[in-house]
Structures are given as structure tokens and as C-alpha cells.
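The values are calculated or read from the model by the stated rules, or taken from the named source; none is laboratory data. What you are looking at is a predicted structure, and each value in this text was computed from that prediction instead of being measured. Here the Cβ positions follow ideal geometry from the backbone for every residue, glycine too, while neighbour counts run over all protein chains shown.
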Amino acid sequence: MATANHVERARRDGVLLGIPLGDLGWFQSLLIGLATGFAAFFSSTFLAIMAMLAYQSITRRTPAYDLAYRAVGFPVGLTVGALALLYLAVLWVRRVLRKRRT
């Protein structure tokens, strides 16, 4: 069971799903942010292509599959990657400022 000290430290350092994100350096944060954006791009593109495939099998019309990349995958990947980079950058700056104070 987590004590009050562990909960306070987790809030201060930044923990996501039990993973301590506050201990990452700037390069590790950059890599994780970009990897999150790539993962979001590929997963949303896959889901969009599967939805278009279902649409094609139901209506017998061929959709423009390039829309899965341009209209779904790219905006989702860009948004998720930017949000992940922003979140990780805030955690990194907070950690650096906290270390300078002590």
C-alpha cells in the first residue's frame, strides 16, 4: 500500500500508469514523445483503414485510402506527439528547477 509520502512524491515527480516520467533527461523525453506520436499515427491509420475496409465491404464503393493517412493518421499523430512532448517538457523543466533550488 502506498504511503502519503509515496503519493506526494509521485505527484511531484510525475508518474503515468506507474511509470516515473520525472526522472527522464531531455533526450529521453524527446525520444519518448516522438515514439508516442509515431505509435498514435500508426494505430490511428490502421483503425482508419479498417473502417474504410468495412465501409467498402458494406457499400461496395472504393474509398480513397489516402484519406486514412492525410485526414486521420497525420493529424492524430501530430497532436498526440505534440501533447506528449509538451507534457514531458514541463516535467523536465520542473525537475531541473527543483534541483537548482536544492
_Lone qualifier among V76, V72, V80 - being out of contact with any Lys or Arg (no Cβ under 6 Å at 6 or more places or on another chain), modelled with pLDDT of 95 or more and over 26 Å from P20 (Cα atoms)_ = V72
*For segment 17-67, how many residues are touching a residue at least 60 places away in the same chain (Cβ under 8 Å) and assigned to a helix (DSSP H, G or I)?*
2
*May I ask you to verify whether L85 is under 26 Å from the mean Cα position of the chain (by Cα), within 21 Å of I32 (Cα to Cα) and in a helix (DSSP H, G or I)?*
yes
